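Notes follow the structure.
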Amino acid sequence: MDRMLVVVFDTESKAYEGKKAILELENEGSIVVYGYAVVAKNANGTTTVKQSDDPGPLGTLVGTSLGSLIGLLGGPAGLAIGAAVGVLAGGTADLHNARIGDDFVDDVSTELLPNKFAVVAEIQEDWTTPVDLRMEAIGGTVFRRALSDVNHTVHNEDIAAMKADIAQMRAEHAKARADRKAKIQEKINQLDSKIQARLEKAKERRETAERQAKAKVEILKTKADALKAKAAETHV
């Protein structure tokens, strides 16, 4: 099962120890790690991605579920300016794109207080015990949530509502006096622009999700091939 994992630590050194343990668990075959980052919660409430950290096999966090979650953990202030250059630059804190509920963000935020640190990772995990035992042993508090399927229902309902408004305004436009036509047309144009922006954003999300899915397949294939090669060496 694909999950979002957040492990909160009191110190930066413990967070890096946690990251190392997660990668060791992957090497042992307990989990698959798609992407990860070590983040700090600043005194002003923003989050900072440690620039020295490698985001993992999925590469850049821009547009990913992992990147969106990191942005959301910064609350309204989001990411600290200048943080995560080349990693999250251009990314947005998008709950829809994060593919987890706002209650999960709230739960993590109650523990990830200013001056604390966390390992945030997108993983495949069939059994929770290996991660829990390793993280608890080094003082980490574990939060996890299965990633939801991308749901376009709310988006489609918003588009339909705006199209209905446009249809009504066009009917009014046809019957309006000359001095009102321009104002009604301006509202129609504004709504149409919003619809086009929503459609473009939906297209970007869909393409991003497809790229991530393909990347995950390649990651799993590479790991399976490595295990086969290791097994073959053992039997030689």
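The values are calculated or read from the model by the stated rules, or taken from the named source; none is laboratory data. Remember, predicted model here, so these are calculated numbers, not experimental data. Methodologically, a virtual Cβ is constructed for each residue, glycine included, from the backbone with ideal geometry; neighbour enumeration extends over all protein chains shown. Note: areas computed on protein heavy atoms with side chains; ligands, DNA, RNA excluded. Shrake-Rupley method; radii C 1.70, N 1.55, O 1.52, S 1.80 Å.
Counting only helices (runs of 4 or more DSSP H) that sit completely within segment 78-166, those holding 2 or more residues that are at pLDDT 90 or above, exposed (fewer than 14 other Cβ atoms within 10 Å of the Cβ) and of a type in the set (A, V, I, L, M, F, W, C) correspond to 129-137.
Within segment 6-30, work out how many residues are over 18 Å from T141 (Cβ atoms) and not polar (S, T, N, Q).
Residues that pass the stated criteria total 5.
Only one entry of G56, G35 meets the criterion of being in a strand (DSSP E or B) and modelled with pLDDT under 90, and that entry is G35. If we scan segment 172-182, do we find a residue that is open to solvent by 80 Å² or more (accessible area, probe 1.4 Å) and not in a helix (DSSP H, G or I)? Yes - at least one qualifying residue is present in segment 172-182.
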